Structure formats: C-alpha cells, structure tokens
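*Asks:* Below you'll find the structure I mean.
The values are calculated or read from the model by the stated rules, or taken from the named source; none is laboratory data. Here the structure is a predicted model, which is why all the values come from computation and not from measurement. For neighbour counting, all protein chains shown are included, and Cβ atoms are generated from backbone atoms with ideal geometry for every residue, glycine included. SASA here: full protein model, heavy atoms, side chains in, ligands and nucleic acids out. Shrake-Rupley method; radii C 1.70, N 1.55, O 1.52, S 1.80 Å.
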Amino acid sequence: GTAVGGAPVAGSVSELPDSAAGYFGALAQSYDSLIRRALPRYDEMIGQLVDSLPRSAARVLELGCGTGTLTVELARRYPGADLVYVDASREMLEATRARLAAAAPDLRARGVLSRFEELGAGGAVVDLVVSSISMHHVADKGALYRLVFSHLRPGGAFHWADQLAAATPRLQSLLWERWLEFCRLPGNCSHQEIDGLLEHARAHDHYEPLAVHFRLLREAGFHNLDCLWRSLMWTLVSAEKPGS
C-alpha cells in the first residue's frame, strides 16, 4: 500500500527503542492512562479541538493518531467521511484500528505507517487536517506546514493542538516547572515515568513559540490563523488554506 502522498506504508519507519516511534510503541498499552496523568486538562483540550472543527468534512487526514482518542472523536463528528490516520508506530496504529472497529465499524478509515515528513506532497487532497500533541516531533515545521498545505483543498482547514515554547526563557522555565508540579501530584506520574518523559523530550522534541508557528504557517500560504485555547505549554491553533 501507499501513504497519502505515495510514500510506502511499511518498511520506512525506524521502530527502535531510541526513536520516537519506538518510545510510543512501547507505551501503547499504558498511553491512555499516562497522557491524562502527565498532561493537564487533556480531555478538555481534545474537546476544544473537536468543537473547533468545521461542521462537515468529506476527507480527513489525522497526523499522529496515537491510540485513537482523537480518531474516534473524528469518526463521531464525521461519520460519512473518508479518514486517513497516520502514525510512525505500528503498535499505535493497531490500537487505533481496534478502537475504531469497536466505536465506528462502518467508517471508511485507513491507517498509514509513516513519519509525517515522508508522506510526500501531492496525492490525495483532503478537506481537513488535524493533529494532537504529535507535531513537536518534527524539527522542520516550515516543511511540515508546506506539506499540509499541499494536501488541503482550497478553503480547507488545519487544526492542531501541541506543545509550544513560551516567548521568553523565563516564561518557558515557568511553564516547564508548572508542568512538572502537575506530574508530581499524588496519583499522577511516578519518578520513573517523569524521567522517561524528560529523557524523551530531550532526545526527540522540537518546540517553537506561537509567533514562530504563525510566521511559518503564513509562509506556507495559510491565512485566518488563530489561537483558540491554551493551558501551559499546550496550545490549540487553527489555520485555513485560501479558497480558489
């Protein structure tokens, strides 16, 4: 099979433990629990993301499906849509497939094993691209936004929630410390889990301030940019491709 833009579905993704795909693949069974213990207001963020989406979309592309939490919400919002969900972890794709089979067995959905950067330009054109806490694994945000732009029809929308850097080092330190305070609350994350999150962040995460994201989105051709919600580092952004 092929990915949205013609890249191979299998065989091109490293799944070693020291890769982002390997890290999250190993967490597939515990991810749903960990994300809520490590990310303040996670369910609120997903709810705000879904609520912000256009009322209708016939073709939807999700970048970074994880275990399918957002994917199922997309299936409920757009029951007649063609949905393509992408992830670099085979385990996460399988978790999403199983969750969709139980929640929306009639949905036209297909998983693609790929890094976002390897989807390629052109190919299928969609009405909506969505993503939740995945794009910070991509270092070259400008290239990613140009790729997303190429997959959207004129007038299409791009909505995503992700971890962003603050505008200044002082504010970034404050946000980081507030996040760690949440992780350390009783019943949230163990010391081992926090160490794993920090190690993964140092090795694989690439954060930019909101102003940089907006600049790169505009350079890629997007307009009507907005920040719809924010909690510490986690931010919800919307952008549109100009109509024809």
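*Asks:* With every protein chain left in place, what is the accessible area of TYR78 in Å² (1.4 Å probe, nearest 10)?
*Replies:* 10 Å²
*Asks:* If you don't mind, there's one more thing I want to ask. Give me Rg over Rh for segment 74-158, both radii from the alpha carbons and Rh done the Kirkwood way, two decimal places. Working shown, then result.
*Replies:* Numbers: Rg = 13.2 Å, Rh = 13.8 Å.
On the Cα set of segment 74-158, Rg over Rh gives 0.96.
*Asks:* To the nearest 500 deg cm²/dmol, what mean residue ellipticity at 222 nm is calculated for the chain from DSSP H runs of n ≥ 4 alone, each contributing -39,500 (n - 2.57), summed and divided by the residues? Show your work: numbers first, answer last.
*Replies:* Values: 9 runs with 100 residues, N = 244.
The per-residue figure over the chain is -12500 deg cm²/dmol.
*Asks:* Where is the GNM fluctuation largest for the chain (alpha-carbon springs, 10 angstrom cutoff): LEU63, LEU171, LEU232?
*Replies:* Maximum among the listed residues: LEU171.
*Asks:* How high is the relative contact order of segment 92-244? Use alpha-carbon pairs under 8 Å, at least six apart in sequence, and give a whole percent. List each step's numbers first, then the result.
*Replies:* Values: 196 pairs, mean separation 43.5, N = 153.
Rounded, it is 28 percent for segment 92-244.
*Asks:* Could you run the Debye sum over the Cα atoms of the chain, one equal point scatterer each and no solvent, and tell me log10 of I(q)/I(0) at q = 0.12 Å⁻¹, two decimals?
*Replies:* Each listed q maps to, in turn, -0.66.
*Asks:* How are the alpha carbon pair distances in segment 128-174 distributed across 10 Å bins from zero to the largest one, expressed in percent?
*Replies:* 23, 44, 25, 8
*Asks:* May I pose another question? What number comes out for accessible area per residue over segment 117-221 if the probe is 1.4 Å? Units Å², please.
*Replies:* Details: 4840 Å² over 105 residues.
Accessible area per residue: 46 Å².
*Asks:* For segment 183-244, place one equal point scatterer on every Cα, skip the solvent, and apply the Debye formula. What is log10 of I(q)/I(0) at q = 0.17, 0.21 Å⁻¹?
*Replies:* So the normalised log intensities are -0.76, -0.91.
*Asks:* Tell me, in nm to one decimal, what length is gained between GLN172 and HIS200 on full extension, where the rule is 0.36 nm per residue of separation less the Cα-Cα distance?
*Replies:* On the way: separation 28, 0.36 × 28 = 10.08 nm, distance 1.79 nm.
Extra length available between GLN172 and HIS200 comes to 8.3 nm.
*Asks:* What is the Cα centroid distance between segment 103-135 and segment 200-244, reported in whole angstrom?
*Replies:* Comparing the Cα centres of segment 103-135 and segment 200-244, I get a distance of 18 Å.
*Asks:* If R₀ is 30 angstrom, what is the calculated FRET efficiency for the pair ASP32 and GLU219, using the beta carbon separation as r and rounding to 0.05? Intermediate results must be reported in sequence, preceding the final value.
*Replies:* On the way: r = 36 Å, r/R0 = 1.20.
Efficiency at R0 = 30 Å is approximately 0.25.
*Asks:* Also: On the protein heavy atoms, probe 1.4 angstrom, tell me the percent of accessible surface of the chain carried by carbon and sulfur. Walk me through the numbers before you get to the answer.
*Replies:* Working: 5840 of 11040 Å².
Of the solvent-accessible surface of the chain, carbon and sulfur hold 53 percent.
*Asks:* What's the extension gain from ASP43 to ASP140 if we count 0.36 nm per residue and subtract their Cα-Cα distance?
*Replies:* Numbers: separation 97, 0.36 × 97 = 34.92 nm, distance 2.80 nm.
Going from the current span to full extension adds 32.1 nm.
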